[in-house]
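One structure is given below, encoded as structure tokens.
Values in this text are rule-based calculations from the coordinates and carry no lab data. Everything numeric in this text was worked out from a predicted model, so none of it was measured. Virtual Cβ from ideal backbone geometry, glycine too; neighbours counted across all protein chains shown.
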Amino acid sequence: MNVDSLPVPGACVVPTYGRAGQGGPSRASPGEPEAIRGGHGRNAGTSELAQSPDLGPPAPGRVATLAGVTTPATDPHLATPTGKPRARALGIPFQGTPGPWNSITDVTGVEVGYTTLIEGDSVRTGVTAIHPRGRGNPRDPVAAGFHSQNGNGEMTGVSWIEESGTFAGPIAITNTHAVGIAHAGIIAWANQQDPVELWLLPVAAETWDGYLNDVNGHHVTEEHVVQALQGARGGPVDEGSVGGGTGMTCYAFKGGSGTSSRMVDYQGTAYTVGVFVQANFGARGELTIAGVPLGAELADDNPVADYFSPPGRPPAAPPGAGSVIAVVATDAPLLPGQCKALARRVTLGLARTGTAGSHSSGDLFIACSTANSGAFAPGEPYGQLSFVPWGKTDRFFTAVVQATEEAVIDAMVANEEMTGRAGHRVPALPRDRVARLITTNSGTSPSR
């Protein structure tokens with residue numbers, strides 16, 4: 001099995017297939033970098049395949065080879081829409097039942113969009129947009145809760161979430177020094193959709209990409225935020241070095257954007273819990289996959305640690321410094337306090353991947369329920385909610401833990417080595433070695 005030799009976008013584009021008139025391969029123009037095709041403006045770029053609206057079932061007869069197994073090219077559990085392998089393609093044994101796309105977009109109405117900025121030697125950044133109720137319904141608040149595992153980071157709008165248990169409109173995630181631009185971009189997009197006087201407290205979050213990206217260069221603009229928000233779609237979601245995750249590092253491997261979902265049966269109804277992470281955290285020695293400690297086995301080739309902790313000098317940052325943003329969405333009817341409880345369970349999913357949670361990491365999580373549409377709408381004399389009783393919520397907590405774990409691993413597996421600012425390099429997770437180590441050791445893992 002040679003997982004590392006899997007073709008990736010730019011070398012061989014694996015086509016995706018949508019409904020009539022939407023399918024077919026997509027390639028960059030001659031001389032145009034694959035990573036920055038599409039979009040508008042000098043730096044703008046969205047992953048076209050990730051943005052393809054309303055993707056239908058795989059077309060018959062089209063296949064891709066993943067982890068030595070021939071599978072439908074658009075099997076969303078094994079590959080991203082752009083043909084990158086996902087964690088399950090390596091045979092990693094995850095618990096729980098994923099949704100059809102194994103993505104946060106399995107939650108009805110949720111849409112995800114990216115603007116990916118890769119230019120020259122120093123620009124490695126972008127914007128991720130998430131609409132809990134879709135682009136067409138931004139003003140209907142959702143029940144919501146927030147949790148800070150470690151507060152060395154920023155997520156705007158959380159004071160109102162703590163006060164009201166709700167928020168309305170989309171979420172944007174970007175780099176640390178562009179979080180204000182993301183906030184302003186949400187307002188700009190909202191006024192384009194509904195040009196009336198609005199009162200908005202947008203949710204915008206960040207992680208730091210300054211190792212690979214010129215984080216002080218003001219490369220993210222309001223236009224880029226609007227592009228990500230307007231280009232958001234349901235269906236399969238690209239992962240890895242896309243959107244806000246473009247320049248991120250996880251366990252000193254290339255990290256970034258990852259997502260997963262779990263189905264939860266409750267009273268004969270199939271509900272979905274979806275998680276999206278922007279993964280930029282963890283020390284190499286901590287890394288654990290499927291209960292197997294891999295940090296010592298994969299300790300070689302760690303330029304990130306060499307840069308931040310050079311021999312003979314005080315470390316610029318402790319191992320594990322970074323951040324992670326997690327967005328949890330579910331269509332199960334939950335109270336705001338129950339959403340906050342879901343957000344707290346992200347911590348347990350991260351712990352399954354090995355991290356102890358660094359003091360120098362900004363680990364901020366938001367969870368929302370898209371049920372009870374209209375219940376929190378302003379101006380109504382009364383609101384009415386249905387909700388799962390507290391004593392029945394454990395299965396939803398388990399779903400958050402399982403989906404968070406897989407989303408983090410997906411962010412690393414669906415990735416390649418990247419070189420950026422000042423020649424700084426981040427290696428890709430060595431998929432071949434991981435697959436062999438998991439196969440060799442999973443039988444002795446106490447948690448599997």
Next item on the list: Among residues belonging to region 306-318 that are in a loop (DSSP other than H, G, I, E, B) and touching a residue at least 40 places away in the same chain (Cβ under 8 Å), point out the one that is surrounded by the most Cβ atoms within 10 Å (Cβ to Cβ).
Entry: Ala317
Notebook entry, point to check: Is it true that some residue in region 229-252 is of a type outside the set (S, T, N, Q) and over 18 Å from the mean Cα position of the chain (by Cα)?
Noted result: no
Margin query: So if I check each of Thr330, Thr272, Thr288, which one is of a type outside the set (A, V, I, L, M, F, W, C) and within 16 Å of the chain's Cα centre (by Cα)?
Written below: Thr330
Item checked: Residues located in region 153-203, provided they are closer than 16 Å to Ala343 by Cα and assigned to a strand (DSSP E or B) -> Met155, Thr166, Phe167, Ile171, Val203
Note to self: Quick check on region 188-197. Is at least one of its residues within 22 Å of Phe281 (Cβ to Cβ) and in contact (Cβ under 8 Å) with a residue 40 or more places away in the chain?
What the structure shows: no
Checklist line | Scan of region 231-283 for residues that are surrounded by fewer than 24 Cβ atoms within 10 Å (Cβ to Cβ) and of a type in the set (S, T, N, Q), ordered by number | finding: Gln267, Thr269
Notebook entry, point to check: Any idea which residue in region 412-432 is nearest to the chain's Cα centre (by Cα), counting only those that are crowded, with 18+ Cβ neighbours inside 10 Å, hydrophobic (A, V, I, L, M, F, W, C) and part of a helix (DSSP H, G or I)?
Noted result: Met412
Notebook entry, point to check: What is the residue count in region 373-403 for residues that are of a type outside the set (Val, Ile, Thr) and part of a loop (DSSP other than H, G, I, E, B)?
Noted result: 16
Next item on the list: Might you check whether a residue that is touching a Phe, Trp or Tyr at 6+ places or on another chain (Cβ under 9 Å), within 19 Å of Ala407 (Cα to Cα), in a loop (DSSP other than H, G, I, E, B) and β-branched (Val, Ile, Thr) occurs anywhere in region 206-229?
Entry: no
Check: Could you count how many residues in region 85-130 are part of a loop (DSSP other than H, G, I, E, B), surrounded by 24 or more Cβ atoms within 10 Å (Cβ to Cβ) and in contact with a Pro (Cβ under 7 Å, 6 or more places away or on another chain)?
Finding: 3
Note to self: I'd like to check something: does region 287-294 contain any residue that is of a type outside the set (A, V, I, L, M) and either closer than 22 Å to Ala168 by Cα or touching a strand residue (DSSP E or B) at 6+ places or on another chain (Cβ under 7 Å) (or both)?
What the structure shows: no
Next item on the list: Scan region 329-341 and give yes if some residue there is at negative phi and in a strand (DSSP E or B), otherwise no.
Entry: yes
Next item on the list: Report whether or not Ile409 is in contact (Cβ under 8 Å) with a residue 40 or more places away in the chain, closer than 21 Å to Ile92 by Cα, among the β-branched types (Val, Ile, Thr) and not in a loop (DSSP other than H, G, I, E, B).
Entry: yes
Notebook entry, point to check: In this structure, is Gly120 without any contact (Cβ under 8 Å) to a residue 12 or more places away in the chain and more than 23 Å from Ala205 (Cβ to Cβ)?
Noted result: yes
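So that you can scan it fast, the table gives a plain yes or no per residue for (1) buried (at least 17 other Cβ atoms within 10 Å of the Cβ); (2) polar (S, T, N, Q):
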residue: Gly157; (1), (2): yes, no
residue: Thr166; (1), (2): yes, yes
residue: Asn175; (1), (2): yes, yes
residue: Gly180; (1), (2): no, no
residue: His183; (1), (2): yes, no
residue: Gln193; (1), (2): no, yes
residue: Val196; (1), (2): no, no
residue: Glu206; (1), (2): yes, no
residue: Asn216; (1), (2): no, yes
Notebook entry, point to check: Which one of the conditions (1) free of Cβ contacts under 8 Å to residues at least 60 places away in the same chain; (2) crowded, with 24+ Cβ neighbours inside 10 Å; (3) not hydroxyl-bearing (Ser, Thr, Tyr) does Phe365 fail to meet, given that it meets all the rest?
Noted result: (1)
